[in-house]
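A quick write-up on the structure given underneath.
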Amino acid sequence: MTAPFKAAAVQASPVFLDLDASVDKAISLIEEAAAKGVKLIAFPETYLPGYPWYIWLDATAMYMPLVPRYVANSIQEGSVQDKRLAQAAKDNDMHVVMGLSWNVNGTLYMGQWHYGPDGEMISRRRKLKPTHVERTVFGEGDGSDMSVHDTDLGRVGALCCWEHIQPLNKYAMYSQNEQIHVAAWPSFSLYEGGAYALGPEVNEAASRIYAVEGQCFVLAACATVSDEMVEFLCDTPVKQQLLKKGGGHARIFGPDGSPLGENLAPDEEGLVIAEIDLNMIAIGKAAADPCGHYSRPDVFRLMFNRKPSPPVMAFDNEAARSVEMTEADEDRLSKSAAE
């Protein structure tokens with residue numbers, strides 16, 4: 001167990017569709033957190049370069065003119081912006097879990113990149129299944145994206161938005177002894193009053209239940225919608241009714257579901273900061289560990305394929321020859337099996 005440390009969940013808007021300016025703002029938030037003694041900071045879903053709210057506001061064909069700009073401002077692995085974030089993590093001796101739109105050869109993924117306090121990459125994951133109209137923008141991850149990683153602070157995992165209402169997603173993460181979980185959310189100001197499932201009550205509850213079920217700390221980062229975003233995106237009275245300013249509901253929950261830290265107003269930007277003491281997890285697990293003593297594997301069991309599933313698996317002739325099985329090899333294998 002590590003000594004108690006401070007963690008922060010970000011509640012802020014990006015500089016919408018401007019990757020460099022959004023990275024600047026993210027680094028400012030990292031520096032602000034460092035000044036307050038924070039050792040791990042969690043950012044909202046697709047904070048870079050902002051969540052593409054336009055997909056919920058109009059027909060697909062109508063927002064196609066924005067697609068090139070969104071792709072151009074989606075971050076690439078090894079880019080200048082990637083290196084700047086890594087340097088910011090190192091300069092501030094901090095774990096940084098960044099929510100972003102990840103451009104891989106022109107295909108976008110809803111990503112979460114975890115930079116260590118030495119500036120090295122701990123993990124890059126993709127949202128396993130984008131939700132509803134998000135599928136018109138983003139590709140899917142695979143089982144290798146459902147991972148928990150050892151760090152100097154504890155075992156850290158991450159999921160995006162409605163991955164938290166997929167029971168098998170959660171069980172796969174719980175099974176890896178996750179201790180600190182980053183839940184990345186966009187904003188809860190879409191369809192206010194018309195879609196309860198998209199509002200703060202349901203989605204805050206999803207983060208809280210995750211903490212209780214998994215006996216882990218949950219850092220639920222949540223973006224806000226800025227005045228500039230509303231002005232840019234909502235060019236008709238109907239759209240102005242569909243997407244509202246604010247919607248920030250960043251939260252931190254303990255392994256018993258208790259709220260930690262001081263929350264911000266929905267239209268306020270800043271950090272929700274709380275102390276993380278991993279010793280609290282033992283109390284939760286003593287009562288209910290759904291992947292341990294509280295499980296019934298004779299009745300229910302999860303099949304979890306953790307292997308990467310790339311669309312292309314390339315190999316050269318030499319590699320192909322190295323895995324060819326000769327007739328003699330086949331004969332020996334057959335005899336061994338028979339014995």
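The values are calculated or read from the model by the stated rules, or taken from the named source; none is laboratory data. Here the structure is a predicted model, which is why all the values come from computation and not from measurement. Positions of Cβ are generated from backbone atoms using ideal geometry, with glycine treated the same way; all protein chains shown enter the neighbour counts.
Could you tell me whether any residue of segment 105-112 is more than 17 Å from the chain's Cα centre (by Cα) and in a strand (DSSP E or B)?
Yes, segment 105-112 has at least one match.
Pull up segment 11-66, narrow it to residues that are over 29 Å from LEU242 (Cβ atoms) and of a type in the set (Val, Ile, Thr), then point me to the one that is surrounded by the most Cβ atoms within 10 Å (Cβ to Cβ).
ILE41
Criterion first (outside any loop (DSSP other than H, G, I, E, B) and touching a helix residue (DSSP H, G or I) at 6+ places or on another chain (Cβ under 7 Å)) does LEU159 satisfy it?
yes
Which of the residues belonging to segment 200-211 are touching a helix residue (DSSP H, G or I) at 6+ places or on another chain (Cβ under 6 Å) and surrounded by fewer than 23 Cβ atoms within 10 Å (Cβ to Cβ)?
Within segment 200-211, ALA206 is the sole residue that qualifies.
Restricting to segment 254-297, name every residue that is in contact with a Gly (Cβ under 6 Å, 6 or more places away or on another chain) and part of a loop (DSSP other than H, G, I, E, B).
Those that are in contact with a Gly (Cβ under 6 Å, 6 or more places away or on another chain) and part of a loop (DSSP other than H, G, I, E, B): PRO255, ASP256, LEU264, PRO266, ASP267, LEU278.
Can you find a residue in segment 212-222 that is over 26 Å from GLN241 (Cα atoms), without any contact (Cβ under 8 Å) to a residue 60 or more places away in the chain, outside any helix (DSSP H, G or I) and in contact with a helix residue (DSSP H, G or I) (Cβ under 9 Å, 6 or more places away or on another chain)?
yes
Residues are listed down the side, and each one gets a yes or a no for (1) in contact with a Ser or Thr (Cβ under 8 Å, 6 or more places away or on another chain); (2) closer than 29 Å to ALA34 by Cβ:
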position: ARG208; (1), (2): no, yes
position: VAL212; (1), (2): no, no
position: PHE253; (1), (2): yes, yes
position: LEU264; (1), (2): no, yes
position: PHE300; (1), (2): no, no
position: PRO308; (1), (2): yes, no
position: PHE315; (1), (2): no, no
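Only one of (1) touching an Asp or Glu at 6+ places or on another chain (Cβ under 8 Å); (2) in contact (Cβ under 8 Å) with a residue 60 or more places away in the chain fails for LEU85. Which number is that?
It is condition (1) that LEU85 fails.
Surrounded by fewer than 24 Cβ atoms within 10 Å (Cβ to Cβ), of a type in the set (Gly, Ala, Ser) and farther than 21 Å from GLU275 by Cα: does that describe SER226?
In short, yes.
For segment 246-284, enumerate the residues that are surrounded by fewer than 19 Cβ atoms within 10 Å (Cβ to Cβ), of a type in the set (D, E, K, R) and in contact with a strand residue (DSSP E or B) (Cβ under 8 Å, 6 or more places away or on another chain).
Correct list: GLU262, ASP267, GLU268, GLU269, GLU275.
To keep it simple, each residue is scored yes or no on (1) of a type in the set (Val, Ile, Thr); (2) without any contact (Cβ under 8 Å) to a residue 60 or more places away in the chain; (3) within 18 Å of GLN112 (Cβ to Cβ); (4) not in a loop (DSSP other than H, G, I, E, B).
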{"position": "ALA8", "(1), (2), (3), (4)": "no, no, yes, yes"}
{"position": "PHE16", "(1), (2), (3), (4)": "no, no, no, no"}
{"position": "ASP20", "(1), (2), (3), (4)": "no, no, no, yes"}
{"position": "VAL23", "(1), (2), (3), (4)": "yes, no, yes, yes"}
{"position": "ALA26", "(1), (2), (3), (4)": "no, no, yes, yes"}
{"position": "ALA33", "(1), (2), (3), (4)": "no, no, yes, yes"}
{"position": "ILE41", "(1), (2), (3), (4)": "yes, no, yes, yes"}
{"position": "PRO44", "(1), (2), (3), (4)": "no, no, yes, no"}
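Would you mention how many residues in segment 163-196 are of a type outside the set (D, E, K, R), more than 17 Å from PRO290 (Cα to Cα) and surrounded by fewer than 21 Cβ atoms within 10 Å (Cβ to Cβ)?
Total meeting the criteria: 6.
How many residues are crowded, with 21+ Cβ neighbours inside 10 Å and either part of a loop (DSSP other than H, G, I, E, B) or free of Cβ contacts under 8 Å to residues at least 24 places away in the same chain (or both) when one looks only at segment 117-153?
Going through segment 117-153 one residue at a time, the tally reaches 7.
Kindly establish whether MET280 is more than 28 Å from ALA9 (Cβ to Cβ), of a type in the set (A, V, I, L, M) and modelled with pLDDT of 80 or more.
No: the conditions fail for MET280.
Quick one: which of GLY37, GLY50 is more than 19 Å from SER189 (Cβ to Cβ) and either at pLDDT 95 or above or touching a strand residue (DSSP E or B) at 6+ places or on another chain (Cβ under 8 Å) (or both)?
GLY37
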